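The values are calculated or read from the model by the stated rules, or taken from the named source; none is laboratory data. As the structure is a computational prediction, the values presented were derived from the model and not from experiment. Quick reminder, even Gly has a Cβ in these numbers, built from the backbone with ideal geometry, and neighbours come from all protein chains shown.
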Amino acid sequence: MSKAIQAIRGMNDLLPATLALWQRIEQRAETVLAAYGYREIRFPIIEKTELYRRSIGEVTDIVEKEMYSFEDRNGDSLTLRPEGTAGCVRAGIENGLLHNQVQRLWYAGPMFRHERPQKGRYRQFHQIGVEAFGIGTPDIDAELILLSARLWRLLGIRDLELQINSLGTTAARAAYRKVLVDYLRAHQTTLDEDSRRRIETNPLRVLDSKNPAMQALIAAAPGLHEYLDVESRAHFDALRHLLDAAGIAYRVNPRLVRGLDYYTRTVFEWVTTELGAQGTICAGGRYDGLVEQLGGQSTAAAGFALGIERLAELAAVQQVPGVEIAPQVYIAPLGEGRIMQQGLVLAEQIRDAGLRVELHCGGGSLKSQLKRADRSAARYALILGENELAAAQVSVKNLRTEEPQQPVALAEVADFLRTRIVGSR
């Protein structure tokens with residue numbers, strides 16, 4: 001026998017039991033996004049590599065080391081999307097959605113990065129992304145944070161901390177960059193290998209290092225807030241006032257930066273201490289220059305992305321229930337021919353009443369069928385044999401209580417079950 005083929009490392013199968021929780025997250029997210037006026041957009045998972053070089057930045061880890069890029073048969077360099085914002089902006093520009101317009105958009109799907117797989121970090125991972133275009137004021141920053149906070153409440157997620165910061169304008173960040181580089185060079189022997197490499201390419205990312213040996217050095221580094229321009233300070237102060245008025249607790253984290261070059265001014269993260277090192281559940285901020293950078297007209301923009309894998313893992317830790325997918329009713333037909341025909345018709349009638357039904361197929365004894373019914377987690381089993389068919393009835397057995405089995409007319413069984421299952425909630 002040949003060896004079975006396995007999934008690619010870092011790319012995982014999503015099994016039905018896991019997906020029940022994912023479906024709850026996705027359904028709640030769609031409800032919240034609709035409540036805030038955001039509309040879904042879908043765009044390809046493969047884009048021209050140049051899109052990410054121009055948006056994310058040539059010297060970021062993502063572009064330098066993590067993208068899945070390849071040449072197609074025409075010799076064009078293509079890339080599996082490592083994040084969603086650049087593709088959303090490209091689609092918006094190409095389809096005329098952004099110029100002199102306000103757009104609230106969202107998307108969901110897989111992203112790809114060739115990272116070292118570990119818990120909470122995968123090579124194929126899934127995100128829900130939310131983007132708002134055409135609004136340059138801090139009220140949209142606050143709305144995005146309020147939207148995400150509402151989603152946590154609707155899901156029943158607890159104990160997340162909101163961290164916020166301002167990166168200022170590109171010019172302000174450039175001035176700070178010079179000071180930070182001088183500081184890091186002076187302490188180069190204390191830095192780890194990754195941070196030494198980032199001094200010349202992306203020094204702000206050094207501030208985001210989780211290396212315990214470097215935390216004292218990072219804490220003593222010059223602060224970006226000292227170099228913020230007047231407008232960025234005012235924008236950040238206004239955001240804080242809006243969050244205070246809305247009752248949203250937060251912590252200003254002056255070391256909070258983003259790994260993508262396109263962020264400006266507001267950045268934020270929702271973090272947890274319950275998942276170890278991979279504690280960021282949701283992250284985002286403003287990227288006012290990206291639309292113009294990718295060939296569109298100057299357009300204010302802000303957004304965030306949440307990682308479904310990490311959010312689902314946290315939901316599981318906090319025992320948040322998933323979507324109910326188990327059948328509520330299990331039909332056990334004891335025979336073929338007319339009995340199975342009636343079973344198929346009956347299953348459809350009960351589904352028409354809004355209940356989840358599993359019809360036993362493939363034959364088998366009553367004992368074996370009832371064992372499967374019990375394992376399915378259904379609440380009721382319907383037994384349909386020759387005697388029941390002759391009397392135009394089914395025998396209804398409650399699998400979760402000691403309630404006696406009882407006959408119910410075929411014409412009445414859908415209403416009977418609906419009253420007991422839906423009416424008992």
> Does the range 296-307 contain at least one residue that is assigned by TED's automatic domain parsing to the domain that holds residue 151, part of a loop (DSSP other than H, G, I, E, B) and free of Cβ contacts under 8 Å to residues at least 12 places away in the same chain?
Replying inline: yes
> What residue, of 252, 257, is modelled with pLDDT under 85, of a type in the set (A, V, I, L, M, F, W, C), in the same structural domain as residue 57 (by TED's automatic domain parsing) and closer than 30 Å to residue 308 by Cβ?
Replying inline: 257
> Of all the residues that make up the range 80-95, how many are polar (S, T, N, Q) and either in contact (Cβ under 8 Å) with a residue 40 or more places away in the chain or surrounded by 17 or more Cβ atoms within 10 Å (Cβ to Cβ) (or both)?
Replying inline: 1
> Residues of the range 285-295 being outside any loop (DSSP other than H, G, I, E, B) and under 24 Å from residue 253 (Cβ atoms), which ones?
Replying inline: 285, 286, 290
> For the range 33-73, which residues satisfy the criterion of being within 22 Å of residue 94 (Cα to Cα) and of a type in the set (S, T, N, Q)?
Replying inline: 49, 55
>> Of everything in the range 212-253, what is over 22 Å from residue 179 (Cα atoms), in contact with a strand residue (DSSP E or B) (Cβ under 9 Å, 6 or more places away or on another chain) and assigned to a loop (DSSP other than H, G, I, E, B)? Give them in sequence order.
In response: 248, 249, 250
> From the list 161, 231, which residue is farther than 25 Å from residue 281 by Cβ and surrounded by fewer than 21 Cβ atoms within 10 Å (Cβ to Cβ)?
Replying inline: 231
> Any idea which of (1) of a type in the set (D, E, K, R); (2) within 30 Å of residue 143 (Cα to Cα); (3) in contact (Cβ under 8 Å) with a residue 12 or more places away in the chain is the one residue 185 doesn't satisfy?
Replying inline: (2)
> Which of the following residues is touching a Gly at 6+ places or on another chain (Cβ under 6 Å) and not aromatic (Phe, Trp, Tyr): 131, 94?
Replying inline: 131
> Would you pick out the residues in the range 103-113 that are more than 15 Å from residue 45 (Cβ to Cβ) and either of a type outside the set (Lys, Arg) or surrounded by fewer than 20 Cβ atoms within 10 Å (Cβ to Cβ) (or both)?
Replying inline: 103, 105, 106
> Among the candidates 345, 329, 394, 357, which residue alone is out of contact with any Ser or Thr (no Cβ under 8 Å at 6 or more places or on another chain), over 30 Å from residue 27 (Cα atoms) and surrounded by 19 or more Cβ atoms within 10 Å (Cβ to Cβ)?
Replying inline: 394
> How many of the residues in the range 32-79 are surrounded by 12 or more Cβ atoms within 10 Å (Cβ to Cβ), outside any loop (DSSP other than H, G, I, E, B) and either not assigned by TED's automatic domain parsing to the domain that holds residue 92 or not hydrophobic (A, V, I, L, M, F, W, C) (or both)?
Replying inline: 14
> Which of the following residues is in the same structural domain as residue 281 (by TED's automatic domain parsing), aliphatic (A, V, I, L, M), touching a residue at least 40 places away in the same chain (Cβ under 8 Å) and part of a loop (DSSP other than H, G, I, E, B): 105, 98?
Replying inline: 98
> Which of the residues belonging to the range 86-101 are under 23 Å from the mean Cα position of the chain (by Cα) and either at pLDDT below 95 or of a type in the set (A, V, I, L, M, F, W, C) (or both)?
Replying inline: 86, 88, 89, 91
